[in-house]
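The values are calculated or read from the model by the stated rules, or taken from the named source; none is laboratory data. Given the structure is predicted, the values throughout are model-derived calculations rather than measurements. Here the Cβ positions follow ideal geometry from the backbone for every residue, glycine too, while neighbour counts run over all protein chains shown.
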Amino acid sequence: MKLLRTLFLVLIFAACRPLLAPIPATPTETPADPANPPQCAYVWARQALPELSAQVQQAFDEAGMSGVTARAGAYGENCVDAQGKVVSFSTMETDFYVIAEVTDLTDNENLGNILEDLLIVLDGFPPDETPGPQPGYIGVTFQAGDDLLNLWFSVTAGEDARKQGLHGSALFNALYRKP
């Protein structure tokens, strides 16, 4: 009986003893669980792609296309949390923006030839090798002094027009949408 009483007292004293590690006074932040991503409001957004932009510009320079400036940008969605903070960005596609200096905005044959040269250079950056799961868009601005002529078309439309064998003014007319 003494043995049972001693064992009982040891258990009681062990239970009353303070824990080995003290409980922190303030709660600690729980790390994000990849299985349970944060609640988001998704908002369309764009992000610069400086490294890809440098590669695209270098490709135009190496092609001898002086008077052409180019950049690439990612189009996708920002995940915005309840406090309005951007948590992440998901790229949907890569878009290209090209400015080409020209002398005449009314010479569709010449604009189409330049457009074809631009597209040949951009062929070096296919959708499956650029950020995002889908083909993006190409924005071309022809600039003659202070005058501008803008084109905006999908990478796929540019590919399709050339697969049809379009060149010069026919290529320009296929990709230009009058405002």
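Evaluating residue 38 against the criteria (1) touching an Asp or Glu at 6+ places or on another chain (Cβ under 6 Å); (2) of a type outside the set (Phe, Trp, Tyr); (3) surrounded by 14 or more Cβ atoms within 10 Å (Cβ to Cβ) leaves one unmet condition, (3). For residue 77, the stated conditions hold: it is crowded, with 16+ Cβ neighbours inside 10 Å and in contact with a strand residue (DSSP E or B) (Cβ under 7 Å, 6 or more places away or on another chain). For segment 63-87, a residue qualifies if it is touching a helix residue (DSSP H, G or I) at 6+ places or on another chain (Cβ under 6 Å) and within 15 Å of residue 140 (Cα to Cα), and the qualifying residues are 68, 70, 71, 72.
In a residue-by-residue description of segment 100-119, the property of being in a strand (DSSP E or B), crowded, with 19+ Cβ neighbours inside 10 Å and either in contact (Cβ under 8 Å) with a residue 12 or more places away in the chain or of a type outside the set (S, T, N, Q) (or both) applies to at least one position.
When each of 135, 131 is tested for being surrounded by 16 or more Cβ atoms within 10 Å (Cβ to Cβ), of a type outside the set (Val, Ile, Thr), touching a helix residue (DSSP H, G or I) at 6+ places or on another chain (Cβ under 6 Å) and in a loop (DSSP other than H, G, I, E, B), the lone residue that passes is 135. Checking the conditions here, which among 125, 96, 89 is of a type in the set (Phe, Trp, Tyr) and buried (at least 20 other Cβ atoms within 10 Å of the Cβ)? The conditions single out 96. Applying a threshold of 8 Å to beta carbon distances and a minimum spacing of six or more residues, or different chains, the list of pairs starting in segment 126-147 at a residue that is free of Cβ contacts under 8 Å to residues at least 40 places away in the same chain and ending at one that is in a loop (DSSP other than H, G, I, E, B) and surrounded by fewer than 18 Cβ atoms within 10 Å (Cβ to Cβ) reads 127/134. Here the condition is being farther than 30 Å from residue 36 by Cβ, among the hydrophobic types (A, V, I, L, M, F, W, C) and within 20 Å of the chain's Cα centre (by Cα); of 118, 122, it holds for 122 alone.
Taken together, 172, 153, 96, 142 contain a single residue that is assigned to a helix (DSSP H, G or I), aromatic (Phe, Trp, Tyr) and modelled with pLDDT of 95 or more, which is 172.
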